[in-house]
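Written out below as structure tokens is the structure these notes cover.
The numbers here are math on the coordinates, done by the rules we state, and not lab data. From a predicted model like this one, the values you see are computed outputs, not experimental measurements. All Cβ positions, even for glycine, are placed from backbone atoms using ideal geometry, and neighbour counts span all protein chains on display.
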Amino acid sequence: MGLFDWMKPKQQTLGPTPEGLYAGLPKGARWTLGPDPAGAPKDFRPDSEAYVFDIVQWRWEEALWIEASSNSAGALAGFGLVFGLSDGGKTDSGALWEDGGRRGPILKERQEWTIPRGHPTRELALVSQGERTTQVLRKLEQCFGYKPFAHPALPNKTAVMSELLMLRGIVIPDEGRFTARMKVVLEEENGWPYAEFFLNVNSFRKQIWVSEKSDAYRSAILTRISHLGAAT
């Protein structure tokens with residue numbers, strides 16, 4: 001290593017560091033999307049527009065099982081999450097892009113990494129809890145300004161598969177620490193509409209919360225978690 005190599009900007013890496021850190025920031029840079037889930041877990045908390053749930057069950061085994069619950073207008077609301085975890089041999093990859101001016105984004109490089117044991121893969125199942133998830137549906141309709149569809153949520157234990165993208169956080173399985181801001185993608189398939197939203201987990205505060213990526217996905221989200229999403 002050269003005498004002044006420590007002054008050079010570190011190469012951006014898309015996978016986690018050996019310490020379990022996702023989205024390492026360049027020297028002097030700050031996380032700008034609210035409190036830093038990796039650097040300040042005590043301060044990483046939902047804003048006023050987030051839909052907040054308490055973590056009432058948490059099992060970190062071959063998969064990470066979370067049961068989330070909230071009291072919504074006097075009724076118990078909730079759902080389940082099942083995170084696919086790596087056995088230490090699974091890989092992931094991502095692309096680094098740079099600004100090409102008039103030519104648009106230019107692919108700089110594609111990186112591939114091994115997902116450490118116990119860390120999340122891109123597989124995430126959103127699991128209905130029947131009537132409790134129907135209460136989530138009613139709450140979202142209210143927040144979105146929709147009239148109640150009068151349709152229930154998906155039947156109990158029905159899962160909606162989605163893709164999970166880690167944006168920023170830290171995961172340490174041996175310590176039971178999972179504090180992260182993530183994006184959830186519901187792909188368009190079998191006639192179901194495409195949607196995205198943010199999912200936040202803070203094992204320190206024993207909370208999860210969801211927030212919007214765009215109001216353009218509102219109708220799609222409601223459809224996917226209602227029984228209409230299973231009709232095709």
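For the chain, what D do you get in µm² per second when you plug the Kirkwood radius from alpha-carbon pairs into Stokes-Einstein at 4 °C and 1.567 mPa s?
Translational D for this selection: 68 µm²/s.
What percent do you get for the relative contact order of the chain when only Cα pairs under 8 Å and 6+ apart count?
19 percent
Pull out a ≥ b ≥ c, the square roots of the eigenvalues of the alpha-carbon gyration tensor of the stretch 182-232, then state rounded if a/c is under 1.5, prolate if not and a/b is larger than b/c, and oblate in the remaining case.
Taking the square roots of the gyration eigenvalues as a ≥ b ≥ c, the stretch 182-232 is prolate.
List the GluC sites (Glu not before Pro) within the stretch 147-232 that DSSP assigns to loop and that have no more than 14 neighbouring Cβ atoms inside 10 Å. Can you show the working numbers first?
Details: sites: 163, 175, 187, 188, 189, 196, 212; in loops: 187, 188.
Passing sites in the stretch 147-232 are 187, 188.
How much net charge surrounds residue 15 when only other residues with a Cβ under 11 Å from its Cβ are counted (Lys, Arg +1; Asp, Glu -1)?
In short, -2.
Can you put 158, 114 in order, fewest other beta carbons within 10 Å first?
Least crowded to most crowded, the residues run 114, 158.
Over all directions, the average projected area of the alpha-carbon convex hull for the stretch 32-80 comes to how many nm²?
Reported value for the Cα convex hull: 4.8 nm².
Once the Cα atoms of helix 131-144 and of the chain are each reduced to a long axis, what angle between those two axes, in degrees from 0 to 90 to the nearest 10, is obtained?
70 degrees
Whole-Hz ³J(HN,Hα) for each residue in the stretch 188-193, computed from phi via Karplus 6.51 cos²θ - 1.76 cosθ + 1.60 with θ = phi - 60°, x for glycine and proline: what do you get?
3J(HN,Hα) across the stretch 188-193, in whole Hz: 6, 7, 6, x, 7, x.
Do any GluC sites (Glu not before Pro) in the stretch 61-142 lie in a DSSP loop with no more than 14 other beta carbon atoms within 10 Å, and if so, which? Mind dumping the intermediate values first?
Details: sites: 61, 62, 67, 98, 109, 112, 123, 131, 141; in loops: 61, 62.
Listed in order of number, the matching sites are 61, 62.
Exactly which trypsin sites (Lys or Arg not before Pro) in the stretch 120-203 are in a DSSP loop and have at most 11 other Cβ atoms within 10 Å?
Passing sites in the stretch 120-203 are 157.
Roughly speaking, what is the centre-to-centre gap between the stretch 169-232 and the stretch 20-66 when only Cα atoms are used, to the nearest Å?
Distance between centres, Cα-based: 14 Å.
List 184, 56 from most exposed to least, where exposure is judged by having the fewest other Cβ atoms within 10 Å.
56, 184
When the helices in the chain are scored as -39500 (n - 2.57) per DSSP H run of 4 or longer and the sum is shared across all residues, what 222 nm value do you end up with, to the nearest 500 deg cm²/dmol?
-3000 deg cm²/dmol
Ranked by Cβ crowding within 10 angstrom, fewest neighbours first, how are 93, 70, 211 ordered? Don't jump to the answer; show the numbers that get you there.
Values: 93 10, 70 21, 211 16.
Fewest-to-most ranking of 93, 70, 211: 93, 211, 70.
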